[in-house]
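Visitor: Before anything else, here's the structure in question.
What follows is calculated from the coordinates using simple rules that are stated; it is not laboratory data. Owing to the predicted nature of the structure, the values given are computational and were not obtained by experimental measurement. For neighbour counting, all protein chains shown are included, and Cβ atoms are generated from backbone atoms with ideal geometry for every residue, glycine included.
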């Protein structure tokens, strides 16, 4: 979870760069795949594709990715808290 939060912080950079965004998204896709969260992985892959095609700006891609990942992280953290896991 901490790695994903670090990646989110990189995407929140005030001066995002295309290369950094693509690296972070690639890492996120790998992490999501490794835990079997294929639906979110596909959503992040779609954001990556839109950026590569020039349909989205870096800022737009970052914002969309932050929303997708933040929502998922919040759900997992809530589940962990409700089920008293990891405390």
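Visitor: Given contacts defined as C-alpha pairs under 8 Å and at least six residues apart, what's the relative contact order of the chain, whole-number percent?
Guide: Values: 49 pairs, mean separation 26.7, N = 87.
For the chain, the relative contact order is 31 percent.
Visitor: What is the angle, in °, between the Cα long axis of helix 58-82 and the longest principal axis of the Cα atoms in the chain? Nearest 10 is fine, range 0 to 90.
Guide: For helix 58-82, the angle is close to 0 degrees.
Visitor: Also, quick follow-up: How far apart, in nm, are the 7 Å Cα→Cβ label points at residue 3 and residue 63?
Guide: My value for the distance between the label points is 2.9 nm.
Visitor: Calculated from DSSP H runs of 4 or more alone, at -39500 (n - 2.57) each and per residue, what is the 222 nm mean residue ellipticity of the chain, nearest 500?
Guide: Roughly -26000 deg cm²/dmol at 222 nm, from the helical runs in the chain.
Visitor: Also: Could you calculate the contour length gain from residue 14 to residue 80, that is, 0.36 nm times the residue separation minus the distance between their Cα atoms, to one decimal place in nm?
Guide: Length gained, residue 14 through residue 80: 20.7 nm.
Visitor: Just to be sure I understand: if I project the alpha-carbon convex hull of the chain onto a plane and average over all orientations, what area do I get in nm²?
Guide: Orientation-averaged projected area of the Cα hull: 5.6 nm².
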